[in-house]
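Each value in this text was obtained by applying a stated rule to the coordinates, not by laboratory testing. The model shown is predicted, which means the values in this text are computed figures rather than measured ones. Heads up, the Cβs are rebuilt from the backbone with ideal geometry, glycines too, and the neighbour counts pull from every protein chain shown.
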Amino acid sequence: MDFLRPTTWEEALAAKADRPDAVPIQGGTDVMVEINFGVRRPSALLDLNRVAELREWSMTGDACRLGAGVPYAEIVDRLGGELPGLAQAARTVGSPQIRNRGSVGGNLGAASPAGDSHPPLLATGAVVEVESRDRGVRMIPAEEFYRGVKRSALEPDELIRAVHVPRVTGPQYFSKVGTRNAMVIAVCSFAIALHPRERRVGTGIGSAAPTPRRALEAEELLAAELDWDAPLDPALARRFGELCARAAAPIDDVRGSAAYRVHAIGVLARRTLTWAWNDHLGRRAA
Ligand SMILES: Cc1cc2nc3c(=O)[nH]c(=O)nc-3n(C[C@H](O)[C@H](O)[C@H](O)COP(=O)(O)OP(=O)(O)OC[C@H]3O[C@@H](n4cnc5c(N)ncnc54)[C@H](O)[C@@H]3O)c2cc1C
């Protein structure tokens, strides 16, 4: 197995263009598990850890540009204000060891329907920045990035450089059901982001369909019926939960049944909307 170690982004793109078979490795918390279990035996590994810019983040105009290799621990410690939904999700990933190594870029690269980054990226309207040496940069909205179970829109010669998460303008929440409280892959998960200026609520469903997905009908319901100046109508919150549950298309597996997941998504959706709404009204009163 060849081991490629670029030190700059340009070198990394060149290496991927010349060796599209090379498997990128950032934290290695997915890649090394697959190699150790014999699921994958790549002809080459492309180690991105020396590419310093992948570990950087910055505020650019109306978005936070988060380098693909920023580890979860740093998102939790330093970006709770800029990326509240993603930071909540990051807090639930694996263990401290996994959070020190694992990254959002790696979560996107793996494109597992159960990845915890995906629901907040969908709810906030994030955009994935990918690049290839020969075709340049592509900006892919998160909802177009996920193409199937562990399949994404990434081409073999492309690398993920960053995600652009719109500047936070309202409350955001992430909630996850697992078979225990830590070190657990989601049975299902849900993220919500309020966008008060646009009078819009974004959603993201995790681990309850072949890909992470938005609950579009539920979003449309709130866009049409939510009174942004009033307490949340419990009947509306219930209908929102029902439409989110209807947007799920889960399977039965070792972690949970499809029926349980559908039910749980409805509960998580109603609950996170209520938390976010209480914050929204609290901020207005303050
Ligand atoms: C014990 C344990 C617990 C875990 N718990 C959770 C959990 O609770 N929630 C969760 O979501 N995940 C969990 N995971 C899975 C894993 O930690 C996450 O998916 C993590 O985000 C992967 O990031 P990484 O940097 O380690 O990726 P890597 O393993 O380095 O890479 C993952 C994939 O992304 C590709 N890739 C990496 N960087 C790039 C790039 N810049 N461009 C293109 N492709 C790239 C790789 O080729 C590979 O296909 C767990 C894993 C373990 C071992």
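List of remarks:
- Prolate/oblate/rounded call for the stretch 44-173, Cα gyration tensor, a/c under 1.5 rounded: rounded
- Stokes-Einstein translational diffusion, the chain - Kirkwood Rh over all Cα pairs, 1.306 mPa s, 10 °C, in µm²/s: 82 µm²/s
- Remark: relative contact order (the stretch 221-269) = 35 percent; criterion is Cα-Cα distance under 8 angstrom and separation of 6 or more residues.
- Environment charge of Val262, counting only residues whose C-beta is closer than 12 Å and scoring Lys/Arg +1, Asp/Glu -1: 0
- Rounded to the nearest 20, the size of the Cβ-charge dipole of the chain about its Cα centre is 680 debye, with Lys and Arg at +1 and Asp and Glu at -1.
- The charge dipole of the stretch 35-85, taken about its Cα centre with unit charges on the Cβ atoms of Lys, Arg (+1), Asp and Glu (-1) only, comes to about 340 debye.
- Amide H contacts of Arg147: Ser152, Ala153, each under 5 Å away and 5 or more positions distant or on a separate chain (H built 1.01 Å from N in the peptide plane; Pro and chain starts excluded).
- Relative contact order, percent, the stretch 205-286 [alpha-carbon distance under 8 Å, six or more residues apart]: 33 percent
- The stretch 72-125 versus the stretch 42-65: alpha-carbon centroid distance in Å: 14 Å
- For the stretch 1-75, diffusion coefficient by Stokes-Einstein and Kirkwood Rh (Cα), 25 °C, 0.890 mPa s, µm²/s: 182 µm²/s
- Anisotropy class of the stretch 96-233 from Cα gyration tensor, a/c 1.5 cut: oblate
- Summary value for the chain: 16 percent relative contact order, contacts being C-alpha pairs under 8 angstrom separated by 6+ residues.
- Sequence-distant residues sharing a close amide H with Gly27 (under 5 Å, placed H): Ser103
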